[in-house]
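Enquirer: Before I ask anything, here is the structure I am working with.
The values are calculated or read from the model by the stated rules, or taken from the named source; none is laboratory data. Keep in mind it's a predicted model, so treat the numbers as computed, not measured. Please note: Cβ atoms are built from the backbone with ideal geometry, for glycine as well, and neighbour counts cover all protein chains shown. Accessible surface areas use protein heavy atoms only, side chains included; no ligands, DNA or RNA. Shrake-Rupley method; radii C 1.70, N 1.55, O 1.52, S 1.80 Å.
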There are 2 protein chains.
Amino acid sequence: MTYGSADSAPGSAGPSDGPSTAVIDLLGLLAYAELVAFFRLSDNAELAPTLVAKGELAGLAAAEYTHYKRVRDRLAELGADPEEVMAPFTEPLDAWHDRTKPQTWLESLVKAYVGDGIAGDFYREVAESADEETRALAQSVLSESGRGDFIASQVREAVERDPSLAGRLSLWARRLVGEALSQAQIVATTRVELAALLVSGAGEAEPESESGSGDLAAVSRMFAKLTDAHNARLEAMGLNG
Amino acid sequence: MTYGSADSAPGSAGPSDGPSTAVIDLLGLLAYAELVAFFRLSDNAELAPTLVAKGELAGLAAAEYTHYKRVRDRLAELGADPEEVMAPFTEPLDAWHDRTKPQTWLESLVKAYVGDGIAGDFYREVAESADEETRALAQSVLSESGRGDFIASQVREAVERDPSLAGRLSLWARRLVGEALSQAQIVATTRVELAALLVSGAGEAEPESESGSGDLAAVSRMFAKLTDAHNARLEAMGLNG
């Protein structure tokens with residue numbers, strides 16, 4: 001199943017010829033990530049310390065649903081079967097959530113923020129690589145940054161009140177990313193085009209290079225970029241990387 | 001804390017003098033009912049048989065969040081503390097959900113439909129008794145009936161495919177209402193104005209009658225009305241009362 005030209009380099013599809021297989025994959029990954037984030041955030045309701053916080057958590061979850069719905073509808077518009085495109089990502093994303101169950105309200109906030117941040121990195125990739133309409137969708141999701149700011153400030157205030165929290169929450173954030181990378185490695189072995197798109201998008205454009213597991217420079221650039229983005233997010237929450 | 005005139009009969013507040021204590025109570029009940037329905041519907045995600053059904057379930061839950069948000073915002077506009085107004089209803093509503101945990105996908109659909117139906121009866125009461133703006137809110141929630149139709153048709157089709165389901169699901173629906181009534185009795189003892197509003201709204205208006213636990217005719221009219229509405233909902237799902 002190809003959506004762009006089969007011969008085109010991953011992510012190279014222009015507005016006229018529809019998104020590449022890799023971009024469709026990325027949209028499937030994002031759609032399921034948003035849906036499962038919706039359910040898992042709702043699960044954390046018991047951790048919310050007050051009725052106000054419960055309502056806010058519900059609002060965060062409902063926003064994930066809205067994103068899921070928009071990405072899913074876009075996949076259908078592009079002629080893809082949304083559930084088929086999501087299917088390869090259900091197991092690794094479910095596994096990530098199973099291995100990273102928050103035990104406290106603050107852990108659930110940090111997880112929402114880190115998860116949103118990684119999703120944001122993927123939406124940015126969509127915004128760079130997809131057709132115009134899909135790009136607009138990605139940009140509009142990215143523009144809703146107020147929500148993340150709210151979470152970051154909640155965590156920051158809690159850490160300011162009780163600095164002893166910083167160490168544990170930083171460790172938690174590192175575990176979230178570590179588990180995500182270990183799932184990503186599994187996905188990369190089966191979704192080769194997607195992996196190539198993410199690796200090639202990570203540094204200065206090198207469209208002629210053979211992107212694959214041999215392209216060590218590109219892979220290490222990607223990791224460096226991910227780590228930088230993650231550290232910036234930690235700092236926003238008053239944590240250290 | 002009274003929002004209308006302290007001397008006015010429950011539910012008699014006009015557009016100019018703001019809603020009565022009873023209507024504020026009812027809005028608090030509805031706000032928390034919607035919030036907790038959001039969380040409990042999301043909990044049922046594991047029961048969804050397909051990824052498509054999971055997405056639909058998320059959509060039903062997200063709609064509950066939207067209603068919660070609108071009722072909560074309206075309470076704030078009316079000068080009430082939304083969480084304070086919701087507080088008396090958290091325990092009975094949580095208890096209802098704890099006692100009625102769906103074990104199957106169809107049970108969760110029947111529960112969503114029955115729960116929505118009861119909420120609808122309460123929104124209708126708000127639409128009759130509240131100030132104009134609150135009334136408009138209630139009517140706009142009530143106008144979103146497509147969702148309920150979707151659930152009813154899913155249950156109906158399942159029962160048509162396997163008629164042996166009808167008995168068990170009818171019993172389940174009866175239990176849902178029975179448990180709701182037993183919680184309602186607890187609420188009625190502490191929220192007297194609210195109980196009086198619901199009883200007085202149940203039959204032909206008798207504004208001069210002393211509404212209270214002594215008004216047996218009004219109470220039995222209310223039960224008759226509730227049962228009729230419930231039976232109509234069962235029929236819509238292809239079940240019998």
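Enquirer: Could you list all residues from segment A:159-181 that are under 11 Å from residue A:239 (Cα atoms) and open to solvent by less than 60 Å² (accessible area, probe 1.4 Å)?
Expert: A:159, A:165, A:166, A:167, A:169, A:170, A:172, A:173
Enquirer: Looking for whichever is at pLDDT 90 or above and either farther than 21 Å from residue A:26 by Cβ or not β-branched (Val, Ile, Thr) (or both) here; the options are A:132, A:125. Which one fits?
Expert: Being at pLDDT 90 or above and either farther than 21 Å from residue A:26 by Cβ or not β-branched (Val, Ile, Thr) (or both) holds for just one of A:132, A:125, which is A:132.
Enquirer: Right, next: What number of residues within segment B:130-155 satisfy the criterion of being assigned to a helix (DSSP H, G or I) and crowded, with 16+ Cβ neighbours inside 10 Å?
Expert: Qualifying residue count for the region: 11.
Enquirer: Go through (1) modelled with pLDDT of 95 or more; (2) within 11 Å of chain A (Cβ to nearest Cβ) and name the single condition residue B:48 misses.
Expert: Result: residue B:48 passes all but (1).
Enquirer: Turning to a different aspect of this structure: Could you please give the count of residues in segment B:93-109 that are open to solvent by less than 20 Å² (accessible area, probe 1.4 Å), within 19 Å of residue B:184 (Cβ to Cβ) and more than 14 Å from chain A (Cβ to nearest Cβ)?
Expert: The qualifying residues number 1.
Enquirer: Starting from residues that are among the charged types (D, E, K, R), open to solvent by 50 Å² or more (accessible area, probe 1.4 Å) and without any contact (Cβ under 8 Å) to a residue 60 or more places away in the chain, keep the ones in segment B:57-83 and report whichever is nearest to residue B:30 (Cα to Cα).
Expert: If we take residues in segment B:57-83 being among the charged types (D, E, K, R), open to solvent by 50 Å² or more (accessible area, probe 1.4 Å) and without any contact (Cβ under 8 Å) to a residue 60 or more places away in the chain, then B:72 is nearest to residue B:30 (Cα to Cα).
Enquirer: Cβ-Cβ distance below 6 Å, separation of 6 or more or different chains: which pairs start in segment B:118-129 with a residue that is at negative phi and in a helix (DSSP H, G or I) and end on one that is open to solvent by less than 40 Å² (accessible area, probe 1.4 Å) and β-branched (Val, Ile, Thr)?
Expert: B:123/B:141; B:129/B:23
Every residue, every condition in (1) more than 9 Å from chain B (Cβ to nearest Cβ); (2) modelled with pLDDT of 95 or more, yes or no:
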| residue | (1), (2) |
| --- | --- |
| A:23 | yes, no |
| A:32 | no, yes |
| A:53 | yes, no |
| A:60 | yes, no |
| A:70 | yes, yes |
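Enquirer: Output the number of the condition that residue B:183 fails; it satisfies all remaining conditions of (1) outside any loop (DSSP other than H, G, I, E, B); (2) within 25 Å of residue B:91 (Cα to Cα); (3) among the polar types (S, T, N, Q); (4) at pLDDT below 85.
Expert: Going through the list (1) outside any loop (DSSP other than H, G, I, E, B); (2) within 25 Å of residue B:91 (Cα to Cα); (3) among the polar types (S, T, N, Q); (4) at pLDDT below 85, residue B:183 breaks only (4).
Enquirer: Can you name the residue in segment A:113-129 that is among the aliphatic types (A, V, I, L, M) and over 15 Å from residue A:229 (Cα atoms) and is also surrounded by the most Cβ atoms within 10 Å (Cβ to Cβ) among such residues?
Expert: A:126
Enquirer: Give segment A:156-169 a look and list any residue that's among the acidic types (Asp, Glu) and in a helix (DSSP H, G or I), or say none.
Expert: A:157, A:160
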